[in-house]
1. Per the helix-only calculation at 222 nm, which mean residue ellipticity applies to the chain, given -39500 (n - 2.57) for every DSSP H run of n ≥ 4 and division by its residues, nearest 500 deg cm²/dmol?
2. How high is the relative contact order of the chain, in percent, with contacts defined as C-alpha pairs under 8 Å that are six or more residues apart?
3. Give me a comma-separated list of calculated 3J(HN,Hα) values for region 104-119, in order, Karplus coefficients 6.51, -1.76, 1.60 applied at θ = phi - 60°, integers in Hz, x for any Gly or Pro.
4. Rounded to the nearest 0.05, what FRET efficiency do R167 and I285 give with R0 = 30 Å and r taken as the Cβ-Cβ distance? Could you check?
5. Give the accessible area for H192 in Å² (nearest 10); use a 1.4 Å probe, count only protein heavy atoms, and leave out ligands, DNA and RNA.
6. Round to a whole number: what % of the accessible area of the chain belongs to carbon and sulfur, probe 1.4 Å?
7. Kindly express, to the nearest 10 degrees and within the range 0 to 90, the angle between helix 27-38's C-alpha long axis and the longest C-alpha principal axis of the chain.
8. Largest first, what is the accessible-area ranking of T132, T46 with a 1.4 Å probe?
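The values are calculated or read from the model by the stated rules, or taken from the named source; none is laboratory data. Treat the numbers as computed from the prediction; the structure is a model and nothing was measured. Backbone-built Cβ (ideal geometry, glycine too); neighbour counts: all protein chains shown. With ligands, DNA and RNA removed, areas are computed over all heavy atoms of the protein, side chains included. Shrake-Rupley method; radii C 1.70, N 1.55, O 1.52, S 1.80 Å.
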Amino acid sequence: MPVVNYTNNRQPALVQFVASHSSPPSQDLCRGIFQGVLGQPGLNPTENGLVLEQSGDIKGLALVFPEVPIGRSIIELMTVPELAGSPEVQALVESAVARAQALGVNVAHLCVPSDSDRGTLLQQLGFSHVRTYLDMLWSEDSLPKLDLPAGFSARPFRNGDTALLTRVQNNAFTGSWGFCPNTEEQIEYRVHMANSTKKGILFLFDGDNPAGYCWTVRVPAESGPRGMIGMIGITPEYRGKGISRHILQAGMEHLLQSGSKEIGLEVDGDNDPAVRLYTSTGFKITGQRHWFERVFPGT
């Protein structure tokens, strides 16, 4: 079963392959998101996409996302269930690792659910577990009323806000584990992806000063598209002032008004303040995702 490079003529079959891993109510969203992923600035899927084929049928996919400014690549992997732990999946991972190393980065990162057998495979291939993220879900009946502090206001993304969003996001996350500063081109592209809306990106202002933001998205789920808190960040000068809850609630209110019955998020398990915030808001832990790291020799 050969591992081959992605080519543009494989895109329709790949889109269908990815959508087939989603439940029917979310397949259209899944197709739209994946098509957007393939077009992301800097991915270059013909160079950084690998396909596992059997008799012309797609059985697996690996995308290698370069994050050269921080010296890493992220590998995203999807394979059919019947090949779990097989030599074919191992070959796909090894090919993706080789591609990541060829990019000249220091490490490759790959994330798998805690109930996946891929953790054992990754350890056999020289990866080590470095981080645990928590899956959390909110499904309560309503949000309590929460007034903004005096002088603060919230508003959605407007045309022309790309530079602002880029600056606020980079200020909020630069230096955090796994975060690669974004360019305006990348942010502008992601604002217009199928899982995002301008109304779903909320800024929190102290007067005219941006204090933080919440970027909500929609993701495929068994019951249909689910609202997600994609990213939430507070600029350094406003940390520790108790305003995270306000921008979180603004994002949640948008998702509820847009028809979401439940709201999900992922959070670094080592980020105790964030975990406490989400838990006190009513989010429950539903699972874990394990990040594995492969360090390249000589880097």
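1. So the helix-based figure for the chain works out to -9000 deg cm²/dmol.
2. On the way: 541 pairs, mean separation 71.2, N = 299.
24 percent.
3. x, 8, 8, 9, 10, 10, 9, 10, 9, x, 5, 8, 8, 7, 5, x
4. FRET efficiency, R167 to I285: 0.40.
5. Counting only protein heavy atoms, the figure is 110 Å².
6. The C+S portion of the solvent-accessible surface of the chain is 47 percent.
7. On a 0 to 90 degree scale, this one is about 80.
8. Details: T132 35, T46 70 Å².
If we order T132, T46 from most to least accessible, we get T46, T132.
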